[in-house]
Amino acid sequence: MILDSSDSNVAADGVNRFVTGALRARAPELQLRSMPLTRLFRAPLRALTAALLALLAGACATRRTEAAMAVAPVASSVIWRIEEGDLIQTKVFQHPDLAAEPVVGANGMAFFPGLGRIHILGLSVDSLQTLLNARYATLVRNSNVQVTLQREITLYGQVRFPGVYPVDPGMTMLALMARAGGPAGSGSAPSATLERADGTRWSLARSARLGTVELHRNDAVYMAEESFFIRNSATIGATQVVMNLLATVVGLFVFISR
């Protein structure tokens with residue numbers, strides 16, 4: 001947890017009040033109506049705290065942005081609808097000559113051997129498989145058609161091999177990242193963001209990476225390595241408080257030595 005400026009000032013003021021009370025009790029002749037320690041060291045202390053907080057705020061901007069994004073919805077199974085540019089792979093049992101790998105055109109049409117061009121835009125994989133089984137049943141006996149779908153997604157950022165990768169409805173985000181060689185850089189778990197073609201952005205939390213997410217053509221996944229400040233935010237926050245206390249103690253020592 002990173003403390004803000006108000007928390008740091010409260011801690012420093014508490015120590016100053018404690019020191020002032022102790023000195024008044026033990027040395028009333030000093031007449032410490034206005035604490036010299038406070039006047040001498042409060043301004044530098046607050047300036048140091050403000051500078052440190054400004055540095056931390058800049059370093060943690062990425063973390064706040066990610067936290068503000070909604071988490072991508074995850075499901076155990078996702079029903080994809082065929083879109084323009086999808087690669088459709090079909091195999092007909094015992095009829096290898098009827099196998100095909102058409103790419104869906106802008107008009108939603110795809111060519112299948114023996115059947116010609118068929119409009120398949122918006123169909124699910126199961127619906128297309130049922131349709132092709134019915135059509136091929138007029139050509140071959142006991143038609144058994146197997147249909148798979150692949151869609152190209154861009155993966156870039158802190159990965160070893162950024163690029164465009166084919167994905168299918170059953171592929172998890174973790175599998176996609178592994179296909180790109182895993183995270184690059186320090187080796188720590190990077191943050192992941194799903195960028196839709198319409199400009200919307202979703203955070204891919206750990207739960208989303210282990211599940212399946214609906215992906216569309218021209219979507220992209222961006223991997224960003226967390227900075228040193230984000231990975232060590234708790235330690236930095238504790239160090240900030242210790243620095244405030246040490247500055248106050250040093251000021252007390254200087255004041256008593258005068």
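The values are calculated or read from the model by the stated rules, or taken from the named source; none is laboratory data. Just so we're clear, the structure is a prediction, and the values are computed from it rather than from any experiment. Here Cβ is always computed from backbone atoms with ideal geometry, including for glycine, and neighbour counts include all displayed protein chains.
The strands (runs of 3 or more DSSP E) found entirely in region 72-151 that carry 2 or more residues being within 17 Å of D168 (Cβ to Cβ) and in contact (Cβ under 8 Å) with a residue 24 or more places away in the chain are 87-92.
Every residue, every condition in (1) modelled with pLDDT of 70 or more; (2) surrounded by fewer than 17 Cβ atoms within 10 Å (Cβ to Cβ); (3) within 13 Å of I153 (Cβ to Cβ), yes or no:
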| residue | (1), (2), (3) |
| --- | --- |
| A189 | no, yes, no |
| S203 | yes, no, no |
| R206 | yes, yes, no |
| R217 | yes, yes, yes |
| F228 | no, yes, no |
| T235 | no, yes, no |
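Kindly evaluate F161 against the criterion of being loosely packed, with under 14 Cβ neighbours inside 10 Å, free of Cβ contacts under 8 Å to residues at least 60 places away in the same chain and in contact with a strand residue (DSSP E or B) (Cβ under 6 Å, 6 or more places away or on another chain). No. For region 123-156, the candidate set comprises residues that are farther than 14 Å from T90 by Cβ, over 44 Å from the mean Cα position of the chain (by Cα) and of a type outside the set (S, T, Y); within that set, the residue that is surrounded by the most Cβ atoms within 10 Å (Cβ to Cβ) is A137.
In region 170-182, the residue that is nearest to S124 (Cα to Cα) out of those that are touching a helix residue (DSSP H, G or I) at 6+ places or on another chain (Cβ under 7 Å) and surrounded by fewer than 18 Cβ atoms within 10 Å (Cβ to Cβ) is T172. I'd like to know if region 59-70 contains one or more residues that are modelled with pLDDT under 95, within 32 Å of the chain's Cα centre (by Cα), farther than 30 Å from L245 by Cα and surrounded by 15 or more Cβ atoms within 10 Å (Cβ to Cβ). Among the residues of region 59-70, at least one is modelled with pLDDT under 95, within 32 Å of the chain's Cα centre (by Cα), farther than 30 Å from L245 by Cα and surrounded by 15 or more Cβ atoms within 10 Å (Cβ to Cβ), which makes the answer yes.
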